[in-house]
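Asker: My structure is below; once you've seen it, I'll send some questions.
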């Protein structure tokens, strides 16, 4: 699961029967294949993409991945120890209907699903707060302070789940957005976490899309040599990179790891800060109106790009460990 998660994998095929289990996962780096015949060893095979070659790939040959953060995002947990300790887990998708969001301090231990994976990766479930979705038994009047989100249901993905978010829980979601971990590649992610945060951030994100796209475009024009120093092909930087980044931001969603690497590397160059600094921003919690300048400041860019990465991340089942034995062999 760690290898699938770190390589930004998504399922393309899964079959279980009396003869055994087979599955295939497409990833940023190549194709994973799992074969587990009944009564035999479970083997995992990997075939690398042939287009990630130095001769024709304009991307840097290497980039940093953070294994702990990849696994936490798959488990649906945002964990930060920057300005203060913040550990909050998100609920899974729900059936169609009306729900309200409730913040439960140290409530992750009573949740279903992601807590098992969080235990497996060495986390302490007892330390994690939980945002739980509770069904509405009666109609409630929504106040001006209550946000209403429309989310996909767990069965078909149709957006017929109505989620009411009170003021306190809105504050928690804003803090979670500000404390999203920095990454250079899209996440293989817990879909409940992604659904809620993307829907919650959408209105403000849309207000800043044009300015974010323009800021990234100007950064490429201003510092092509910095991007070349990070391993990018200079011709690609000068001819294509800015337009691709701007188009991706304006698209609002997608599933290309290559595009995410372009946008995140531009933001990293613009910021010039170490990853530990990028892990926390103030943008989502700050009620102070932003400047009307068409160019955004570096930490605002970082905050918006972390949300952009959520929009371009892909689902991976955090309960896939049910399909695998304890011992698996690389074939």
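The values are calculated or read from the model by the stated rules, or taken from the named source; none is laboratory data. None of the values given here were measured: they were computed from a predicted structure. Virtual Cβ from ideal backbone geometry, glycine too; neighbours counted across all protein chains shown.
For every residue, the table says whether it meets (1) surrounded by 15 or more Cβ atoms within 10 Å (Cβ to Cβ); (2) touching a strand residue (DSSP E or B) at 6+ places or on another chain (Cβ under 7 Å); (3) outside any helix (DSSP H, G or I).
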site: 202; (1), (2), (3): no, no, no
site: 212; (1), (2), (3): yes, no, no
site: 217; (1), (2), (3): yes, no, no
site: 220; (1), (2), (3): yes, no, no
site: 254; (1), (2), (3): yes, no, yes
site: 269; (1), (2), (3): yes, no, no
site: 281; (1), (2), (3): yes, no, yes
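Asker: Among the residues of the stretch 163-200, count how many are within 24 Å of residue 256 (Cβ to Cβ) and part of a loop (DSSP other than H, G, I, E, B).
Answerer: 9
Asker: When you go through 167, 127, 79 one by one, which is the residue that is surrounded by fewer than 18 Cβ atoms within 10 Å (Cβ to Cβ) and in contact with a strand residue (DSSP E or B) (Cβ under 8 Å, 6 or more places away or on another chain)?
Answerer: When all the criteria are applied, what remains is 127.
Asker: Of all residues in the stretch 298-327, how many are surrounded by 15 or more Cβ atoms within 10 Å (Cβ to Cβ), outside any helix (DSSP H, G or I) and out of contact with any helix residue (DSSP H, G or I) (no Cβ under 7 Å at 6 or more places or on another chain)?
Answerer: Of the residues in the stretch 298-327, 3 are surrounded by 15 or more Cβ atoms within 10 Å (Cβ to Cβ), outside any helix (DSSP H, G or I) and out of contact with any helix residue (DSSP H, G or I) (no Cβ under 7 Å at 6 or more places or on another chain).
Asker: Next up: Checking residue 6 against (1) under 23 Å from residue 261 (Cα atoms); (2) without any contact (Cβ under 8 Å) to a residue 12 or more places away in the chain; (3) in contact with a strand residue (DSSP E or B) (Cβ under 9 Å, 6 or more places away or on another chain), only one condition comes out false. Which one?
Answerer: Unmet for residue 6, out of (1) under 23 Å from residue 261 (Cα atoms); (2) without any contact (Cβ under 8 Å) to a residue 12 or more places away in the chain; (3) in contact with a strand residue (DSSP E or B) (Cβ under 9 Å, 6 or more places away or on another chain): (2).
Asker: Name the residues in the stretch 9-22 that are surrounded by 13 or more Cβ atoms within 10 Å (Cβ to Cβ) and touching a residue at least 24 places away in the same chain (Cβ under 8 Å), would you?
Answerer: Across the stretch 9-22, the qualifying residues are 9, 10, 11, 14, 21.
Asker: Only one of 86, 63 is at pLDDT 90 or above, in a loop (DSSP other than H, G, I, E, B) and within 22 Å of the chain's Cα centre (by Cα); which?
Answerer: 63
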